[in-house]
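Visitor: One structure, as structure tokens, below. Some questions next.
The values are calculated or read from the model by the stated rules, or taken from the named source; none is laboratory data. These numbers come from a predicted model, not from an experiment. Ideal geometry is used to build each Cβ from the backbone, glycine not excepted, and the neighbour counts take in all protein chains shown.
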Amino acid sequence: MPLSEHEQRLLSQMEQQLLNDDPKFASAMKGSVRRGGGSAGRLLLGGAGILLGLVLLVVGVAYQLVIVGVLAFALMLGGAAWAISSPRRPSGPGPRGVVRGDGSTGPRPSGKGGRGTSRGSSSFMERMEERWQKRRDEGGGR
């Protein structure tokens, strides 16, 4: 059932609000949407692996070959995993790094252990320290 014009307008307003409030989350969600390119081929190949594994499993049970049954099960499991997994994106041109508050991108900040410290994490720590100080001050004045 298609959305009415009012519902479409509300949805686009919510999308715009999300983009304005949290552009990093919005861009991550846009990237996680499955696209049709290549997914049909993955499903067919995964389904073929499952069917071949099923046939091998029947053969292994019929001839009482445990190793064939184990390999068939592994093939079915691999086929199912291949079918439901998303294809990896090639690392080509395009923005990489951190999405800033205004929606622009920049290089990932370097830091210890390969993790960058962003403005959001330092302000979080500052808020935690302020809360701690406030609690200490309120508790000591009793």
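Visitor: For the range 34-57, does any single residue satisfy the condition of being surrounded by 11 or more Cβ atoms within 10 Å (Cβ to Cβ), of a type outside the set (Gly, Ala, Ser), modelled with pLDDT under 85 and not in a helix (DSSP H, G or I)?
Guide: Scanning the range 34-57, I find no residue that is surrounded by 11 or more Cβ atoms within 10 Å (Cβ to Cβ), of a type outside the set (Gly, Ala, Ser), modelled with pLDDT under 85 and not in a helix (DSSP H, G or I), so the answer is no.
Visitor: Taking only pairs six or more apart or across chains, which ones have beta-carbon atoms under 8 Å, a first residue in the range 56-67 that is among the small types (Gly, Ala, Ser), and a second residue that is surrounded by fewer than 10 Cβ atoms within 10 Å (Cβ to Cβ)?
Guide: Gly60/Val66; Gly60/Ile67
Visitor: Only one of these conditions is not met by Gln64: (1) at pLDDT 90 or above; (2) of a type outside the set (A, V, I, L, M); (3) surrounded by 10 or more Cβ atoms within 10 Å (Cβ to Cβ). Which number is it?
Guide: Result: Gln64 passes all but (3).
Visitor: Could you look through the range 1-26, keep only residues that are of a type outside the set (Ser, Thr, Tyr) and not in a helix (DSSP H, G or I), and pick out the one that is surrounded by the most Cβ atoms within 10 Å (Cβ to Cβ)?
Guide: Residue satisfying both the conditions and the ranking: Asp22.
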